[in-house]
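Notes follow the structure.
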Amino acid sequence: MMLLRYTVGVFLLTLLAFKANAHPIKMTTSKLLYDKKANELILTINFFEDDFSAQLEKLYHRKNIDFAVVDDTEGSMVAGYVAKKMLLKANKKPLTLQLSSIKRIEENVVQVKLILWLPKTKIKSLEISDALLFDAFAEQVNIMHVELPGTTSNVQQFISSDSYKVLKVNF
Amino acid sequence: MNEFVFYIKQGINHITDWQGLDHMLFIITLCAVYRLSQWRNILVLITAFTVGHSITLALTSLDVIRVNSKVVETLIPITILLTALFNVFKPQKSSSLVSLNYIMALSFGLIHGMGFSSFFKSMMMGVSDNITVPLLAFNIGIEAGQLMIVAVFVLIMALFTGFFKVRHREWMLFISGAGAGMAVGMIVKVLAE
């Protein structure tokens with residue numbers, strides 16, 4: 001009986017002291033591919049729709065962004081946000097992103113596709129940094145898959161709590 | 001980083017960091033009834049849990065079965081609470097209850113596997129051309145992380161029961177009480193959301 005009371009005591013103490021901090025997963029996934037024919041990079045980013053729309057609404061003072069019907073203004077907002085948070089450099093020079101499409105690919109997942117034209121000179125190196133939604137969530141994690149010629153498939157994780165990180169790919 | 005290594009690392013991190021506290025807590029509560037000399041039983045128990053969660057991790061990730069994540073999030077702390085209650089109220093020294101422990105590990109493992117799959121599916125969102133290799137690597141990572149947790153737990157148990165001479169039953173009741181307290185905290189949090 002004494003031990004049972006002891007267990008109940010530990011139970012109550014833990015219950016009072018413990019703060020469950022479970023939170024929904026905060027993540028984006030991206031894929032960077034090379035289109036040899038067009039000499040361009042194709043960047044596909046997948047966001048959780050609720051997280052992304054909430055952050056855009058907050059930053060651009062909009063209401064009820066619906067990714068099923070994106071107008072030009074919202075398209076510019078998305079492209080602008082990605083360009084600000086995701087830095088891509090070829091041969092140490094920044095690349096310009098151009099929005100190709102935005103679509104909802106599954107429940108609560110929106111996919112943004114962007115195109116980056118590469119310079120005609122031979123690409124020796126590529127630098128990528130991904131800080132998408134780091135401004136929204138302290139626990140944000142971004143996963144970047146890079147599939148480029150001459151490189152083995154590469155995956156990198158960018159974490160909000162980490163210091164600024166750059167993925168370097170040498171061709 | 002190589003893709004296979006990346007997902008192994010994700011599996012280890014997922015179960016060993018605070019995000020995987022519920023899984024960690026379940027393993028600890030499950031192992032709390034065993035003494036250091038019963039390390040073989042612990043291994044069998046962990047294997048049963050592994051079989052359970054691997055089945056549902058694969059089935060859910062491959063979309064063979066679909067689950068409501070809210071229900072799974074609620075069920076996971078319930079498995080911890082039930083395990084803790086079982087530890088406290090089961091009669092001591094009963095061989096049939098040892099096998100009941102394995103059945104619990106296996107069946108509760110099925111629920112935890114659905115929890116692992118939420119994280120795995122998030123990592124695969126929109127990039128899931130072929131998930132077999134990442135799935136295998138992620139599962140290996142979870143196993144490795146699980147073994148690390150058990151190893152650390154057993155070492156701490158050996159320290160308390162061997163060096164500080166804490167009676168094993170007191171140790172088990174302490175772990176079970178704390179596990180139940182945290183589990184109830186988690187259940188309240190999930191239901192309040």
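The values are calculated or read from the model by the stated rules, or taken from the named source; none is laboratory data. Just so it is clear, the structure is predicted and the values come from calculations on it, not from any experiment. For neighbour counting, all protein chains shown are included, and Cβ atoms are generated from backbone atoms with ideal geometry for every residue, glycine included.
Given the condition in a loop (DSSP other than H, G, I, E, B) and at pLDDT 75 or above, answer yes or no: does some residue in the range A:160-167 qualify?
No, because not a single residue in the range A:160-167 is in a loop (DSSP other than H, G, I, E, B) and at pLDDT 75 or above.
Based on what the data block shows, is A:T121 within 14 Å of chain B (Cβ to nearest Cβ), at pLDDT below 90 and surrounded by fewer than 19 Cβ atoms within 10 Å (Cβ to Cβ)?
In short, no.
Go through (1) at pLDDT 90 or above; (2) within 15 Å of A:L32 (Cα to Cα); (3) not in a strand (DSSP E or B) for A:K84 and report which single condition fails.
The failed condition is (2).
Select from the range B:25-76 the residues that are outside any helix (DSSP H, G or I) and either surrounded by fewer than 15 Cβ atoms within 10 Å (Cβ to Cβ) or charged (D, E, K, R) (or both) and list them in ascending order.
B:R35, B:L62, B:D63, B:V64, B:I65, B:R66, B:N68, listed by residue number.
Of the residues in the range A:38-56, how many are farther than 30 Å from A:K122 by Cβ and surrounded by 23 or more Cβ atoms within 10 Å (Cβ to Cβ)?
Residues flagged as farther than 30 Å from A:K122 by Cβ and surrounded by 23 or more Cβ atoms within 10 Å (Cβ to Cβ) within the range A:38-56 amount to 3.
Please verify whether B:L110 is touching a Gly at 6+ places or on another chain (Cβ under 6 Å) and surrounded by 13 or more Cβ atoms within 10 Å (Cβ to Cβ), treating the condition exactly as stated.
For B:L110, the condition - touching a Gly at 6+ places or on another chain (Cβ under 6 Å) and surrounded by 13 or more Cβ atoms within 10 Å (Cβ to Cβ) - is met.
Among A:A54, A:A22, A:A17, which is the only one that is over 22 Å from A:I128 (Cβ atoms) and at pLDDT 90 or above?
A:A54
Check A:S100 against each of (1) in contact (Cβ under 8 Å) with a residue 12 or more places away in the chain; (2) part of a helix (DSSP H, G or I); (3) over 14 Å from the mean Cα position of the chain (by Cα) and name the one condition it does not meet.
(2)
Return yes when A:A138 is at pLDDT 85 or above, more than 14 Å from chain B (Cβ to nearest Cβ), within 14 Å of the chain's Cα centre (by Cα) and not in a strand (DSSP E or B) and no when it is not.
No.
So, of the residues in the range B:57-100 that are of a type outside the set (A, V, I, L, M) and in contact with a Phe, Trp or Tyr (Cβ under 8 Å, 6 or more places away or on another chain), which turns out to be modelled with the lowest pLDDT?
Among residues in the range B:57-100 that are of a type outside the set (A, V, I, L, M) and in contact with a Phe, Trp or Tyr (Cβ under 8 Å, 6 or more places away or on another chain), the one modelled with the lowest pLDDT is B:S61.
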